[in-house]
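Since every read-out is calculated from the coordinates, none of them should be taken as a lab result. In this text the structure is predicted, and so the values were computed from the model without any measurement. Heads up, the Cβs are rebuilt from the backbone with ideal geometry, glycines too, and the neighbour counts pull from every protein chain shown.
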Amino acid sequence: MKYLLWMLLLSAATQAQSFTASSSSSLPAAPVAISQPFWTVENNVSLGILAGLITADAITTQRGLNEGLREVNPIMRPFVTRGAPGEAAGSALGFGAAVGVAYVLHRSHHYKAERIAMRLMVAGEAGFVSNNIIQLR
């Protein structure tokens, strides 16, 4: 009985070794990540709206400063107190940062987060412009 059990065990071990992958069968190809273009119609429209809102924010901020109001954003304050050239530089840096965030999210294939971030940036800038307009009235 011992010998029969050993024979069965050895034959199972040799059969298990014959289940190795043969060279004729190849592994399936890895899935390819489908890359979407960054400059879609949606991104072009969103970035255009954002650029318009940043321009409106710059204009209303300068008008408010001329009327005696002060900039409450501590990051932009050094830029806007330098007049229109400083305001333009600060606005360009802000717009570049917004595009950079969206592009990094896009390149890392976080397309949904890219759309959400872009919409949040547009909504936030619209809120800033609305606040400036309310303060000017």
P(r) of the chain over all Cα-Cα pairs, 5 Å bins starting at 0, rounded to whole percent, reads 2, 8, 14, 13, 10, 8, 6, 4, 3, 3, 3, 3, 4, 4, 4, 3, 3, 2, 2, 1, 0
Ranking 116, 98, 1 by how far each Cα lies towards the positive end of the charge dipole of the chain (+1 on Lys and Arg Cβ, -1 on Asp and Glu Cβ), the top one is 1
Tilt, helix 111-136 to longest principal axis of the chain (alpha-carbon atoms), in degrees rounded to tens, equals 10
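Kindly put 118, 7 in sequence by how many other C-beta atoms sit within 10 Å of each C-beta, fewest to most.
On the way: 118 23, 7 10.
Listed from fewest to most nearby Cβ atoms, that is 7, 118.
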Expected vector for segment 56-63, Karplus 3J(HN,Hα) from phi with 6.51, -1.76, 1.60 and θ = phi - 60°, integer Hz, x for Gly and Pro, equals 5, 5, 5, 5, 5, 5, 5, 5
Taking Cα atoms, the helix 84-107 axis meets the longest principal axis of the chain at an angle in degrees (rounded to 10) of 20
Quick calc, segment 41-136, dipole around Cα centre from Cβ unit charges on Lys, Arg (+) and Asp, Glu (-), nearest 20 debye, gives 180
Each label sits 7 Å from Cα toward the beta-carbon; between residue 32 and residue 130 the label points are separated, in nm, by 4.5
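Only helical DSSP H runs with n ≥ 4 go in: add -39500 (n - 2.57) per run for the chain, normalise by residue count and round the 222 nm mean residue ellipticity to 500 deg cm²/dmol.
Mean residue ellipticity, 222 nm, calculated: -24000 deg cm²/dmol.
Using DSSP to call loops (not H, G, I, E or B), can you name the trypsin sites (Lys or Arg not before Pro) in segment 76-131 whose Cβ has at most 14 other Cβ atoms within 10 angstrom? Kindly include the intermediate steps, with their values, before the conclusion.
Numbers: sites: 82, 107, 112, 115, 119; in loops: 82.
The qualifying sites are 82.
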